[in-house]
1. Could you grab me the full set of residues in segment 5-31 that are modelled with pLDDT under 95, within 22 Å of Glu81 (Cβ to Cβ) and assigned to a loop (DSSP other than H, G, I, E, B)?
2. Residues to consider are Gly180, Gly144; find the one that is out of contact with any Pro (no Cβ under 9 Å at 6 or more places or on another chain), surrounded by fewer than 22 Cβ atoms within 10 Å (Cβ to Cβ) and under 26 Å from Pro225 (Cα atoms).
3. Name every residue in segment 63-88 that is of a type in the set (Val, Ile, Thr) and surrounded by fewer than 20 Cβ atoms within 10 Å (Cβ to Cβ), in order of residue number.
4. Sort out which residues of segment 121-146 are of a type in the set (Lys, Arg) and in a loop (DSSP other than H, G, I, E, B), and write them in order of number.
5. For segment 89-100, enumerate the residues that are among the charged types (D, E, K, R) and surrounded by 14 or more Cβ atoms within 10 Å (Cβ to Cβ).
6. Can you pull out the residues in segment 137-161 that are more than 13 Å from the chain's Cα centre (by Cα) and among the hydrophobic types (A, V, I, L, M, F, W, C)?
7. Quick one: count up the residues across segment 111-129 that are buried (at least 17 other Cβ atoms within 10 Å of the Cβ) and of a type in the set (S, T, N, Q).
8. Pick from Val55, Val60: which is farther than 17 Å from Ser155 by Cα, surrounded by 19 or more Cβ atoms within 10 Å (Cβ to Cβ), in contact with a strand residue (DSSP E or B) (Cβ under 6 Å, 6 or more places away or on another chain) and not polar (S, T, N, Q)?
Amino acid sequence: MKHEEPTEISLVRHGEARGEPDTRDRATLTRPLTELGKEQARAAGDWLRTHQPSVDKFYVAPARRAVNTAGLLALPDAAWELAPLLSERNRGRQEQLSDTERATQFPEYLEEEELAPIYFRPPNGESMLDVASRIQLHIEQLVGMSSVNVAHLDSDNVARIVVEGALVKEIGATDTFWQGRPGEILQYSSVDPDSGKAHPELRFRRAHWPWGSDTSPEWEAFEKPTFSNEDLIEMAEGEVYPLVNDSSSDSPATPLVDKIRSHRLSGI
């Protein structure tokens, strides 16, 4: 079977770095790992060597904290390529501001971001949709391969939008599947873990934080949502538009709203 997507892709968030989360220097390219961050990277490498022993390609975002994490994974026969497409989201004029300073100096932008998080673009910066475009380009070059990719929280979150069709509102502090903690690993596979059957697209996922748990998660099936003509009409003509951030929580419970709220898991 010809693969149109990667056979397996691991996205590793870099270990804890100096300046997280509410300091001015958190987004600079030169910010180093803390000692804890180095231990988190080593723990991620220990898990990957067991659970993804065969890797065709190795990619790392160019920030110092990501590069250090990649080296500390200590993956055998690694030949790392620098991948600017995996870079952290550029927040433009807000780049060097702490969360507190952003809230104080740009309150109107925070409100805009809350209303439409995927489309909001900070002054001179990137929207989540901009990041999704370059993550899509990166994933397209991984067709038919197994890869490890060391990147950042925003780029890993956006990969979920690209691969799973997840909504931005499903990704965040309340997400029980993927929390994006330092050293956490997000994996996708096109191979059924039970039957060994290969699908032409990524169909299975799991997330693991080796630093925080010794128990490896099972693969779970997922599929991107599709909508009928009738679904689209119901979505567009309803009193509350369920694709706007958080509005589905106010929508009446219907099969369509439940479909949008869910992570669209399916028992394959």
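The values are calculated or read from the model by the stated rules, or taken from the named source; none is laboratory data. These figures come from a predicted structure and were not determined experimentally. Ideal geometry is used to build each Cβ from the backbone, glycine not excepted, and the neighbour counts take in all protein chains shown.
1. Answer for segment 5-31, where residues must be modelled with pLDDT under 95, within 22 Å of Glu81 (Cβ to Cβ) and assigned to a loop (DSSP other than H, G, I, E, B): Glu5, Pro6, Thr7, Leu29, Thr30, Arg31.
2. Among Gly180, Gly144, only Gly180 is out of contact with any Pro (no Cβ under 9 Å at 6 or more places or on another chain), surrounded by fewer than 22 Cβ atoms within 10 Å (Cβ to Cβ) and under 26 Å from Pro225 (Cα atoms).
3. The one that is of a type in the set (Val, Ile, Thr) and surrounded by fewer than 20 Cβ atoms within 10 Å (Cβ to Cβ): Val67.
4. Arg121 - this is the single residue of segment 121-146 that is of a type in the set (Lys, Arg) and in a loop (DSSP other than H, G, I, E, B).
5. Taking segment 89-100 and keeping what is among the charged types (D, E, K, R), we get 89, 91, 93, 95, 99.
Of everything in segment 89-100, those that are among the charged types (D, E, K, R) and surrounded by 14 or more Cβ atoms within 10 Å (Cβ to Cβ) turn out to be Arg89, Arg91, Arg93, Glu95.
6. Leu137, Leu142, Val143, Met145, Val148
7. 1
8. Checking each option against the conditions leaves just Val55.
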